[in-house]
Amino acid sequence: MSTFQAPKGTYDLIPPRSAVFLAVRDAISAQARSAGYGYVETPGFEDVNLFARGVGESTDIVTKEMYTLTTKGGDQLALRPEGTASVLRAALQANLHKQGNLPVKLWYSGSYYRYERAQAGRYRHFSQVGAEAIGAEDPALDAELIILADQAYRSLGLRQYRILLNSLGDKECRPVYREALQTFLRGLDLDEETLRRAEINPLRVLDDKRPDVQKQLVDAPLLRDYLCDACKAYHEEVRALITAAGVVFEDDPKLVRGLDYYTRTTFEFVHDGLGAQSAVGGGGRYDGLSEMIGGPALPSVGWALGVDRTVLALEAEGVELDLPATTSVFAVAIGEEARRLLFGKVTELRRAGIATDFSFGGKGLKGSMKDANRSGARIALVAGERDLAEGVIQVKDMESGEQRPVAPDALLDAVRGILG
Ligand code: ATP
Ligand code: MG
């Protein structure tokens, strides 16, 4: 073992588990790609103010969880804690919103960094796949995203998740509610920090997980009783569209999210097998974010799904993904001359697009056949001195156990014949 360990709150993805992460990223992005979302990639760090202004100065992410640094040139940067602000920044910078085809639909996949209290399902480095639809106010867009996320989890074989849905109102009705909630919170027996939070961002108090706080919130005013007619109608349309799509959801009038920029539609996917860190993904509408970071009004909606917790959810449900073997052919050569011949064939097969591995390290026949087995390859190629003398390579179908000698020139066809 080396003297170095992965930093606290982080872990390495290593085979075979790492293949599950790739498959999860793929399954989620496949949904976005199937719906016209284009791939976007942004830097791992940004101007710290992009997040401070966009994500919200009073959020946990900005006050406690952000990794910030000053460069040698004096720039204030932050490792990205989330994707939405960066993606919107990139879209604005590239003027994607001016090309007349709103909404701009983008998906992304990458690493995010938050200085959190590390625990099961909560890491300091984690990965998300996200999708954003920028520049359109249309309940069908909100519905599309919820349906796509649901389909992503379903396609992975997850069953024990629930969709929580709420509306956070808009700049007409939310301030009225905010006042009412603040008045209510001021009358409660809360610690100083929570009271301070109630003054800056009272909605976040609803999200407080502590039982003694939750007990006091039972009679808190609910936003749904304050929604303006436009927000109410919008929300009803989203509900109707996802219901018609057969998506099962629960109305959660106390659902708020850890980011300040959300308006109207807000949702979270929670998994019941994960304990305290139950949110596997979430998202919603952020109609005001563009203006907050200096852009024009661009009503938008999106989600980010956590890859780490989705993998944990698969493990909690005992779902085994049907991962195809990465190697189709494994070549076992005994003796120098056979090694040279087969190594050449390995390259040939790879150039023909067939995933092929080789018995490296000069192991004997037994050890090499073990490696062939472990690789999951459908076909083992075996060649020793006797085979060379006879001018053949043994082609073994690992599934049927059948083996036959094939001339080197006919090898590619023989392999193709078995792989189908
Ligand atoms: P939580 O309430 O668990 O802190 P959040 O509201 O901060 O989640 P978002 O910012 O909405 O989460 O991120 C979307 C998803 O990314 C989450 O649902 C979760 O699956 C994942 N995620 C967020 N923070 C972490 C983390 N520290 N470690 C692992 N996954 C995370
Ligand atoms: Mg969080």
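The values are calculated or read from the model by the stated rules, or taken from the named source; none is laboratory data. What you see is a predicted model, and the numbers here were worked out from it, not measured in a lab. Glycine also receives a Cβ, built like all others from the backbone with ideal geometry; neighbour counts cover every protein chain displayed. Keep in mind that these areas ignore ligands, DNA and RNA; they rest on the heavy atoms of the full protein, side chains included. Shrake-Rupley method; radii C 1.70, N 1.55, O 1.52, S 1.80 Å.
With the structure loaded, tell me whether Val24 is β-branched (Val, Ile, Thr), within 20 Å of Val280 (Cα to Cα), away from ligand 2 (no atom under 16 Å from the Cβ) and touching a helix residue (DSSP H, G or I) at 6+ places or on another chain (Cβ under 6 Å) or whether it fails that test. Taking the combined requirement at face value, the residue satisfies it.
Every residue, every condition in (1) exposed (fewer than 15 other Cβ atoms within 10 Å of the Cβ); (2) within 28 Å of Gly38 (Cβ to Cβ), yes or no:
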{"residue": "Ala136", "(1), (2)": "no, yes"}
{"residue": "Asp150", "(1), (2)": "no, yes"}
{"residue": "Gly157", "(1), (2)": "yes, yes"}
{"residue": "Pro175", "(1), (2)": "yes, no"}
{"residue": "Asp191", "(1), (2)": "yes, no"}
{"residue": "Leu203", "(1), (2)": "no, no"}
{"residue": "Gln214", "(1), (2)": "yes, no"}
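The residues of the range 42-61 that are assigned to a helix (DSSP H, G or I), within 17 Å of Tyr262 (Cβ to Cβ) and either more than 16 Å from ligand 1 (Cβ to nearest atom) or of a type outside the set (A, V, I, L, M) (or both), listed by number, are Phe51, Arg53, Gly54, Asp60. Within the range 102-136, track down each residue that is closer than 14 Å to Tyr286 by Cα and assigned to a loop (DSSP other than H, G, I, E, B). Those that are closer than 14 Å to Tyr286 by Cα and assigned to a loop (DSSP other than H, G, I, E, B): Pro103, Gly135, Ala136. Among what's in the range 69-82 and is touching a helix residue (DSSP H, G or I) at 6+ places or on another chain (Cβ under 8 Å) and not in a loop (DSSP other than H, G, I, E, B), pick the residue that is least open to solvent (accessible area, probe 1.4 Å). Selected residue: Ala78. Pairing each residue of the range 192-220 that is over 15 Å from Ile61 (Cα atoms) with any residue that is part of a loop (DSSP other than H, G, I, E, B), provided the two are 6+ apart or on different chains, yields C-beta distances under 6 Å for Leu203/Val256; Leu206/Lys254; Leu206/Val256; Gln216/Leu188. Return yes or no: is Ala85 more than 15 Å from ligand 1 (Cβ to nearest atom), assigned by TED's automatic domain parsing to the domain that holds Gln128 and open to solvent by less than 40 Å² (accessible area, probe 1.4 Å)? Considered against the rule, which asks whether it is more than 15 Å from ligand 1 (Cβ to nearest atom), assigned by TED's automatic domain parsing to the domain that holds Gln128 and open to solvent by less than 40 Å² (accessible area, probe 1.4 Å), Ala85 comes out as no.
Residue selection: Ala279 satisfies the criterion of being closer than 28 Å to Gly54 by Cα and within 16 Å of ligand 2 (Cβ to nearest atom). For the range 223-278, taking the residues that are polar (S, T, N, Q) and either more than 11 Å from ligand 1 (Cβ to nearest atom) or closer than 17 Å to Ile163 by Cβ (or both), the one that is modelled with the lowest pLDDT is identified as Thr263.
Checking each residue in the range 121-139 for being at positive phi and within 15 Å of ligand 2 (Cβ to nearest atom) picks out only Gly121. Looking across Leu181, Leu255, one residue alone is buried (at least 17 other Cβ atoms within 10 Å of the Cβ) and under 18 Å from Trp303 (Cα atoms). It is Leu255. Residues that are buried (at least 17 other Cβ atoms within 10 Å of the Cβ) and part of a helix (DSSP H, G or I) were ranked within the range 366-407; the one that is nearest to the chain's Cα centre (by Cα) is Ser375. Sub-6 Å Cβ pairs linking a first residue in the range 103-127 that is assigned by TED's automatic domain parsing to the domain that holds Gly281 and within 16 Å of Leu274 (Cβ to Cβ) to a second residue that is among the hydrophobic types (A, V, I, L, M, F, W, C) and away from ligand 2 (no atom under 11 Å from the Cβ), at least 6 apart or interchain, are Gly121/Leu274; Gly121/Leu312, ordered by first then second residue.
Of everything in the range 305-331 that is outside any helix (DSSP H, G or I) and within 16 Å of ligand 2 (Cβ to nearest atom), the residue that is most open to solvent (accessible area, probe 1.4 Å) is Gly306. The single condition from (1) of a type in the set (S, T, N, Q); (2) touching a residue at least 24 places away in the same chain (Cβ under 8 Å); (3) open to solvent by 20 Å² or more (accessible area, probe 1.4 Å) that Ser167 fails is (3). When Ala220 is tested against (1) surrounded by fewer than 19 Cβ atoms within 10 Å (Cβ to Cβ); (2) within 16 Å of ligand 2 (Cβ to nearest atom), just one condition goes unmet, and that condition is (2). Under the condition of being open to solvent by less than 40 Å² (accessible area, probe 1.4 Å) and of a type in the set (S, T, N, Q), the residues counted in the range 116-133 number 2. Scanning the range 49-68 for residues that are buried (at least 18 other Cβ atoms within 10 Å of the Cβ), in contact (Cβ under 8 Å) with a residue 60 or more places away in the chain and more than 16 Å from ligand 2 (Cβ to nearest atom) turns up at least one hit. Taking the range 158-176 as the range and being modelled with pLDDT of 95 or more and out of contact with any Phe, Trp or Tyr (no Cβ under 8 Å at 6 or more places or on another chain) as the test, the residues that pass are Leu158, Arg159, Gln160.
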